[in-house]
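The values are calculated or read from the model by the stated rules, or taken from the named source; none is laboratory data. Please read these numbers as outputs of a predicted model, since none were measured by experiment. Every residue, glycine as well, gets a Cβ built from its backbone with ideal geometry; the counts of neighbours run over all protein chains shown. Note: areas computed on protein heavy atoms with side chains; ligands, DNA, RNA excluded. Shrake-Rupley method; radii C 1.70, N 1.55, O 1.52, S 1.80 Å.
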Amino acid sequence: MATNIAIFSDRKPLALGYFAALTAVFITAVYPALTRLSVTTTLTPADLLLFRLGGSGLLFAPFLVMHAHEIPKADWLAGLPLSFLHGWGMAACVVFGLQFAPASHAAALGPGAIAAWIALVGFIAYGVHVHSRKLAGISIIVVGVGLILVASHRGLSVPTAMIGDAMFLLASALGASYLVYIQRRRLNPVVAAALVCVASAMIVVPWHYCLATSAIATAPVQEILWQLLFQGVLVGCCAFFALNYATLAIGSQTVGVLSALVPVIGALCSMLITRDSISSLEWTAIVVISLGVAIASLPVQTAIQEPRQRLFHQRARSPD
């Protein structure tokens with residue numbers, strides 16, 4: 001049994017592909033700052049998890065209903081554990097971690113460190129060997145991560161930064177495990193995202209209602225509406241589709257290089273939105289991580305370009 005759900009057309013304008021990539025980069029970079037501002041002023045982490053996963057789950061639910069008969073049983077069963085890796089588990093680590101550490105750390109240790117985690121998880125779980133060029137980039141990322149941890153240990157940002165840093169690194173590791181899994185299983189990424197969002201919503205909504213601490217009743221209406229739009233629609237759905245569109249239009253290698261902008265833009269957003277101070281050591285670490293991401297994303301073989309239309313038109317195959 002196979003699933004073949006075509007979401008994107010075959011040919012994409014190059015300029016629109018770059019625009020989509022930069023849109024995904026900007027949403028990813030500004031997300032930590034806007035989330036930290038909210039969890040430290042008006043709403044609780046549980047509220048933002050509800051908006052993020054409840055909103056995106058609601059948007060993806062019709063897609064699952066429409067294509068339910070095309071999705072293999074094994075993929076349905078994988079939805080719950082995958083929702084922990086790339087849904088409620090990963091998101092909770094980031095949102096709760098932003099109570100303890102600056103947004104600049106989240107942008108650097110989350111999206112910035114994921115390439116290193118992907119290499120480690122792939123090697124441990126599947127014996128995947130890393131090309132020397134990518135290994136050099138990953139080594140640079142690890143150095144940058146170490147510099148941020150040193151800065152946190154010295155208390156150069158906030159006293160509780162080490163707690164948040166640990167949660168950001170855990171979130172990055174969970175996300176990397178998810179990406180490695182769907183790549184090895186060749187799951188359709190749209191199906192996987194829909195399963196993750198809907199399963200996460202089924203967990204987070206009752207948890208929020210029964211057990212979580214909420215500030216929705218006292219928060220300004222405009223803040224609630226804005227976070228619903230930002231968390232549920234922009235972060236939960238638009239960034240995902242923009243990233244997929246860009247990968248088809250300009251190639252995953254180019255998107256990977258552009259993603260090196262996330263730690264730097266995230267740090268700037270942290271300074272402008274949440275007014276977090278960034279020491280010279282932290283700036284050095286952020287630049288080092290961005291450099292490592294760019295090097296790790298460069299194509300290994302320049303003579304043979306990766307087909308741009310292959311990655312996100314994969315067919316989800318059942319074990320049968």
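Normalise the Cα radius of gyration of region 1-139 by 2.2 N^0.38 Å (N = residues in it) and let me know the number. Let's see the in-between values first.
Values: Rg = 18.2 Å, N = 139, 2.2 N^0.38 = 14.3 Å.
Normalised Cα radius of gyration, region 1-139: 1.27.
Specify whether the C-alpha gyration tensor of region 142-300 places it in the rounded, prolate or oblate class, a ≥ b ≥ c being the square roots of the eigenvalues: rounded for a/c under 1.5, otherwise prolate if a/b is larger than b/c and oblate if not. Write down the numbers at each step before the final one.
On the way: a/c = 1.69, a/b = 1.06, b/c = 1.59.
Oblate shape, in that a/c is at least 1.5 and b/c is the bigger or equal ratio.
What FRET efficiency, computed as 1/(1 + (r/R0)^6) with R0 = 35 Å and r the Cβ-Cβ distance, is obtained for residue 77 and residue 158, rounded to the nearest 0.05?
On the way: r = 41 Å, r/R0 = 1.18.
Computed FRET efficiency for residue 77 and residue 158 comes out at 0.25.
Charges only on Cβ, +1 for Lys and Arg, -1 for Asp and Glu: so what's the dipole of the chain about the Cα centre, in debye to the nearest 20?
Values: 16 positive and 10 negative charges, 134 e Å.
It comes to approximately 640 debye.
Using only helices, what value at 222 nm comes out for the chain when you add -39,500 (n - 2.57) per DSSP H run of length 4 or more and divide by the total residues, to the nearest 500 deg cm²/dmol?
Numbers: 15 runs with 209 residues, N = 320.
Calculated at 222 nm, the ellipticity per residue is -21000 deg cm²/dmol.
Just to check I understand the Karplus step: with θ = phi - 60° and J = 6.51 cos²θ - 1.76 cosθ + 1.60, what whole-Hz values come out for region 60-69, glycine and proline as x?
So the J values, rounded to whole Hz, are 7, 4, x, 4, 5, 5, 5, 10, 4, 6.
Please report the relative contact order for the chain, taking Cα pairs under 8 Å with a sequence separation of at least 6, and give it as a percent rounded to a whole number.
Values: 545 pairs, mean separation 124.7, N = 320.
The normalised contact order for the chain reaches 39 percent.
First compute the accessible area of the chain with a 1.4 Å probe, then give the percent of it belonging to carbon and sulfur atoms.
Numbers: 10310 of 14720 Å².
Within the chain, the accessible surface is 70 percent carbon and sulfur.
Order 135-143, 42-50 from most to least packed using the mean count of other Cβ atoms within 10 Å.
42-50, 135-143
How high is the relative contact order of region 107-189? Use alpha-carbon pairs under 8 Å, at least six apart in sequence, and give a whole percent.
Working: 59 pairs, mean separation 36.9, N = 83.
Taking the mean separation of contacting Cα pairs over the length of region 107-189, I get 44 percent.
Mind listing the phi-derived Karplus ³J(HN,Hα) values for region 202-218, rounded to whole Hz, using 6.51, -1.76 and 1.60 with θ = phi - 60°, and x for any glycine or proline?
5, 8, 6, 4, x, 4, 5, 5, 8, 10, 7, 8, 10, 10, 4, 5, 10
Which value, in Å², gives the accessible area per residue of the chain when a 1.4 Å probe is used on the protein heavy atoms? If you can, show how the numbers build up before the last one.
Numbers: 14720 Å² over 320 residues.
Spelled out: the 1.4 Å probe surface of the chain, per residue, equals 46 Å².
If I model a spin label at residue 287 and residue 126 as a point 7 Å from the Cα along the Cα→Cβ vector, what separation in nanometres do I get?
If labels sit at residue 287 and residue 126, their model points lie 3.6 nm apart.
Whole-Hz Karplus ³J(HN,Hα) for region 25-41, in order, using 6.51 cos²θ - 1.76 cosθ + 1.60 and θ = phi - 60°, x for Gly and Pro?
For region 25-41, the Karplus curve yields 5, 5, 4, 5, 6, 7, 4, x, 5, 5, 5, 4, 4, 6, 6, 9, 10 Hz.
With only alpha-carbon atoms counted, please give the Rg and Dmax of region 69-159, in Å.
Cα-based Rg and Dmax for region 69-159 come out at 16.7, 55 Å.
What FRET efficiency, computed as 1/(1 + (r/R0)^6) with R0 = 51 Å and r the Cβ-Cβ distance, is obtained for residue 218 and residue 18, rounded to the nearest 0.05?
Values: r = 42 Å, r/R0 = 0.83.
It comes out at approximately 0.75.
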